[in-house]
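Let me begin by presenting the structure, written as structure tokens, before commenting on it.
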Amino acid sequence: MSSNISIDSQLLDLSITIEKISSGEFLIIAADESLLSQLPSGNWIGGSIPYFMADAGGEVSKDKIFVNTVSGIEGNSQPRITMYDTQSISRIATDAPDNGFTIAIVPAGSEVHAEYSQNSPSYQNMFFSPLIGWVAGVHLDDVESASAKTVFGPGAMVAADKAVAMHVSLPESQVANVHIVNLFEQGKGDKLVFPSTSFKVDSCLVNGEETSLSEYINNNNIDTRLPLVADYNGLNVNVSVQAVNANDVALYAPVFAEVEYQFATPVSDYVNTFNTAMSDQDTSKAAFGCNCILNFLYSELEGKKTGNLTGPITFGEIAYQLLNQTLVYMTIENV
């Protein structure tokens, strides 16, 4: 007889995490690379990040480990743990179970990150089975000196250029659903079109005229807390600004060539807007979730809770495709 699958989350220390791995539990782990590299092989996937939404609220720590534990495996088929590179990541949706879900982690700034963010909407079977996850990162103080890492737990393999995923089957009595909380809407201002798909851009067309994006942002006093937003068949997809440099603009996700973007409608009070958006969500059945580092910073979430949601604070969110400046979560419900 199949038992129900559930996911529990805890902020743990190194020794307890090692005990859980050694006991054979199936885990999704977020921690600073210095801790990830000390964990033994086992039934887990991991990604580097020192920012967390814990039970007590937002927290920054290089000494703690955020652990999601998948329970109820007995009586169900065992989760499948897979590592993907740029050539194989397109299979991620076809590898998914018929009834279940996939949790994926992609390292920020890697080629597989670029491949996934640019092409995942067109992968075979994408959107057929719930796919959620996050983009691994580093402490913001270390962005120039460190790179994001993922870990393939069965071999304790730390990688800067591989994605990892756990595919979990559910019994027929359960179903998983993915939810997205996005504060932003496409604005009413200038229309921006980019000549190529890229994480780093400058030249673009603003209302049809060739313009330097960095100069446009500076000359128009654009609030870069606001993302560029494109309308993808009714879904607002954000592209967040990482840095405005002298000769280019670095982004947390790529803009797509020939797609029309507008800076988001201004949010008068980021903190209250985020809190209001969360109050509209029923997170009581949330099993897994993650929130963007930009929401963490701009909504001043350190020490504050986001409903019942816990999870890593990330450099990007995955709800099928790559998202920015969103909060995503998955529920597991009985049917």
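For the structure I just gave you, tell me whether GLY24 is surrounded by fewer than 16 Cβ atoms within 10 Å (Cβ to Cβ), at pLDDT 95 or above, among the small types (Gly, Ala, Ser) and not in a strand (DSSP E or B). Spell out how you get there, then give the answer.
On the way: surrounded by fewer than 16 Cβ atoms within 10 Å (Cβ to Cβ): yes; at pLDDT 95 or above: yes; among the small types (Gly, Ala, Ser): yes; not in a strand (DSSP E or B): yes.
So GLY24 passes the test.
Condition check ((1) surrounded by fewer than 16 Cβ atoms within 10 Å (Cβ to Cβ); (2) in contact with a helix residue (DSSP H, G or I) (Cβ under 6 Å, 6 or more places away or on another chain); (3) among the small types (Gly, Ala, Ser)) across all residues:
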position: SER88; (1), (2), (3): yes, no, yes
position: ARG91; (1), (2), (3): yes, no, no
position: GLY100; (1), (2), (3): no, no, yes
position: ALA114; (1), (2), (3): no, no, yes
position: GLY153; (1), (2), (3): no, no, yes
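Please indicate, with yes or no, whether at least one residue in region 291-300 is among the small types (Gly, Ala, Ser), over 16 Å from the mean Cα position of the chain (by Cα) and assigned by TED's automatic domain parsing to the domain that holds ALA93. Before you say what the answer is, go through the steps one by one.
Here is the first cut: in region 291-300, the ones among the small types (Gly, Ala, Ser) are 299.
Restricting the remaining residues to those that are over 16 Å from the mean Cα position of the chain (by Cα) gives 299.
With assigned by TED's automatic domain parsing to the domain that holds ALA93 added as a condition, the list becomes 299.
Yes - at least one qualifying residue is present in region 291-300.
For the condition more than 30 Å from SER196 (Cα to Cα), in the same structural domain as TYR51 (by TED's automatic domain parsing) and in contact with a Pro (Cβ under 6 Å, 6 or more places away or on another chain), what is the one hit in VAL158, VAL168?
Values: VAL158 fails: in contact with a Pro (Cβ under 6 Å, 6 or more places away or on another chain).
On inspection, the qualifying residue turns out to be VAL168.
May I ask you to list the residues in region 228-259 that are at pLDDT 90 or above, part of a strand (DSSP E or B) and closer than 17 Å to ALA319 by Cα?
Those that are at pLDDT 90 or above, part of a strand (DSSP E or B) and closer than 17 Å to ALA319 by Cα: VAL229, ALA230, ASN238, VAL239.
Exactly one of these conditions fails for SER240: (1) surrounded by fewer than 22 Cβ atoms within 10 Å (Cβ to Cβ); (2) within 14 Å of the chain's Cα centre (by Cα). Give me its number.
Failing condition for SER240: (1).
Pairs please, first residue from region 112-140 and outside the structural domain of GLN242 (by TED's automatic domain parsing) and closer than 18 Å to MET83 by Cβ, second anywhere and at pLDDT 95 or above and among the charged types (D, E, K, R), Cβ atoms under 7 Å, 6+ apart in sequence or on different chains.
What qualifies is VAL112/ASP85; VAL112/ASP161; VAL112/LYS162; TRP134/GLU317; ALA136/LYS149.
Please count how many residues of region 172-200 are more than 30 Å from SER279 (Cβ to Cβ), crowded, with 18+ Cβ neighbours inside 10 Å and over 22 Å from the mean Cα position of the chain (by Cα).
Looking only at that region, the number is 2.
So which pairs qualify, if the first residue must be in region 77-91 and touching a residue at least 60 places away in the same chain (Cβ under 8 Å) and of a type outside the set (Ser, Thr, Tyr), the second must be crowded, with 19+ Cβ neighbours inside 10 Å and assigned to a loop (DSSP other than H, G, I, E, B), the Cβ gap must be under 7 Å, and the two must be at least 6 apart or on different chains?
Pairs that qualify, where the first residue is touching a residue at least 60 places away in the same chain (Cβ under 8 Å) and of a type outside the set (Ser, Thr, Tyr) and the partner is crowded, with 19+ Cβ neighbours inside 10 Å and assigned to a loop (DSSP other than H, G, I, E, B), are ILE81/ASN43; MET83/LYS162; ASP85/LYS162.
Whether any residue in region 202-214 is within 30 Å of SER279 (Cβ to Cβ) and either buried (at least 19 other Cβ atoms within 10 Å of the Cβ) or in contact with a strand residue (DSSP E or B) (Cβ under 7 Å, 6 or more places away or on another chain) (or both) is what I want to check. It would help to see each step written out before you state the result.
As a first pass, look at region 202-214 and keep what is within 30 Å of SER279 (Cβ to Cβ): none.
Within region 202-214 (the criterion being within 30 Å of SER279 (Cβ to Cβ) and either buried (at least 19 other Cβ atoms within 10 Å of the Cβ) or in contact with a strand residue (DSSP E or B) (Cβ under 7 Å, 6 or more places away or on another chain) (or both)), the answer is no, since none of the residues qualifies.
Identify, please: which residue in region 278-335 is outside any strand (DSSP E or B), among the small types (Gly, Ala, Ser) and in contact (Cβ under 8 Å) with a residue 60 or more places away in the chain and is, among those, surrounded by the fewest Cβ atoms within 10 Å (Cβ to Cβ)? Break it down into steps so the answer makes sense when it comes.
Filtering region 278-335 down to residues outside any strand (DSSP E or B) leaves 278-285, 293-301, 303-305, 307-308, 310, 315-316, 320, 324-325, 335.
Imposing the further condition that a residue be among the small types (Gly, Ala, Ser) reduces the set to 279, 284, 299, 303, 307, 316.
Remaining after also requiring in contact (Cβ under 8 Å) with a residue 60 or more places away in the chain: 303, 316.
Working: GLY303: 9, GLY316: 26.
In this case the residue turns out to be GLY303.
For the condition within 30 Å of LEU36 (Cα to Cα) and surrounded by fewer than 17 Cβ atoms within 10 Å (Cβ to Cβ), what is the one hit in SER169, SER145? Break it down stepwise before answering.
Details: SER169 fails: surrounded by fewer than 17 Cβ atoms within 10 Å (Cβ to Cβ).
The match here is SER145.
Specify which of the listed residues (ALA30, ALA93) is over 18 Å from GLY155 (Cβ atoms), in contact with a strand residue (DSSP E or B) (Cβ under 8 Å, 6 or more places away or on another chain) and not in a loop (DSSP other than H, G, I, E, B).
Numbers: ALA93 fails: not in a loop (DSSP other than H, G, I, E, B).
After ruling out the rest, the residue left standing is ALA30.
The values are calculated or read from the model by the stated rules, or taken from the named source; none is laboratory data. Values in this document were obtained by computation on a predicted structure and should not be read as measured data. Virtual Cβ from ideal backbone geometry, glycine too; neighbours counted across all protein chains shown.
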